[in-house]
Amino acid sequence: MERTAPTAPSDATAPTASDAPASDACFPDVTGLLDGMPRQRSEAVVTDRPREVATAAPARRFRVPRVWRLLPTLTGTPFTFVYGTVLAVVSLVAARLDPALVHTLHQGSSTDVAHLVRTPLLVLLASALWIAGGILSPYAIALLLVLTALERRIGGVRAAGVFLLGHVGATLATEVPIGLAVLAGHLPTTSLHRLDYGVSFGVAASLGALTGLLRPWLRWPLLVLFGWMLVTDLIAFTDPMTNWGHLIALTIGVTTWPLVRRWQRASQPLPTARQFVPAVP
């Protein structure tokens, strides 16, 4: 006896949806779906919930800074650009004036004890408009490079604050002892009119603050090199009060490391590891 499958009659037809029982009319059409296999429909499921797409964090690479980022721009570093332009104009005008008149202007802008007692705010601001040695002096070039780099990291207002902190702090730290020494009789009264002007204190403080934002391989050589130059000038004893002021200004800048690092973190946008994109229907 062979086993054979029974065959349907030739006149039998497949049941249609109209022939289904009335009790099954409430169920949706599931034609073409496999039993027990969910989400088998050919139509895409539309959902309003956005999909979460993970994006890889950018790899850190050593990048050589572009040359134009080392120089100030009106949109990128407005404080350095405007301040540098003012210094350049003042230097160019002073180069065409009579030397005697320029010397008189320097004396009127000097942050000596006599002027600090009478008009402190005026001379502190006026003395920062002169560059000792002219527009091509080392301190003028250092001012552009250092302030540009510092402003790009912490912003213009904060960079100006660091510069003024070093300028004012180092000036008071050197002139107040002179006034006390004159009162005590250790220095002559002519020391109250000592000629003192320029941007060097602000540059030294800005450089000290900037080194705290650099990588260690660049921070420590730059700090040691600049400090060694200041100590060498102090040993030469050509202008001890000004040289002491440079070291004090550099120290002021170094003490701002925790503050400028916090400012740098606050000025940088937070990195996003994930982003949300809406699902495509």
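How much area per residue is accessible in the range 103-221 when the probe is 1.4 Å and only protein heavy atoms are counted (Å²)? Spell out each step's value before the answer.
Numbers: 5450 Å² over 119 residues.
Spelled out: the 1.4 Å probe surface of the range 103-221, per residue, equals 46 Å².
With the full set of protein chains in place, find how many percent of the accessible area of the range 142-234 is carbon and sulfur; take the probe as 1.4 Å. Display every interim value, and only then the final one.
Numbers: 3110 of 4160 Å².
After summing per-atom areas, the C and S share lands at 75 percent.
About the Cα centre of the range 57-205, how large is the charge dipole given +1 on each Lys and Arg Cβ and -1 on each Asp and Glu Cβ? Please answer in debye to the nearest 20.
On the way: 11 positive and 5 negative charges, 198 e Å.
In total the dipole reaches around 960 debye.
Starting at the first residue of the range 204-210, write each ³J(HN,Hα) from the Karplus equation 6.51 cos²θ - 1.76 cosθ + 1.60 with θ = phi - 60°, in whole Hz, x for Gly and Pro.
Ordered by residue, 3J(HN,Hα) equals 5, 5, 5, 5, x, 6, 5 Hz.
Over the range 107-199, consider all pairs of different Cα atoms and compute the Kirkwood hydrodynamic radius from their mean reciprocal separation; express it in Å, one decimal. The partial results should precede the final answer.
Numbers: mean 1/r = 0.0696 Å⁻¹.
Value: 14.4 Å, from the Cα pair sum.
The values are calculated or read from the model by the stated rules, or taken from the named source; none is laboratory data. All values derive from a computational prediction rather than experimental measurement. Here the Cβ is made from the backbone with ideal geometry for all residues, glycine too, and neighbour counts use every protein chain on show. All accessible areas refer to the heavy atoms of the entire protein, side chains included, with ligands and DNA or RNA removed. Shrake-Rupley method; radii C 1.70, N 1.55, O 1.52, S 1.80 Å.
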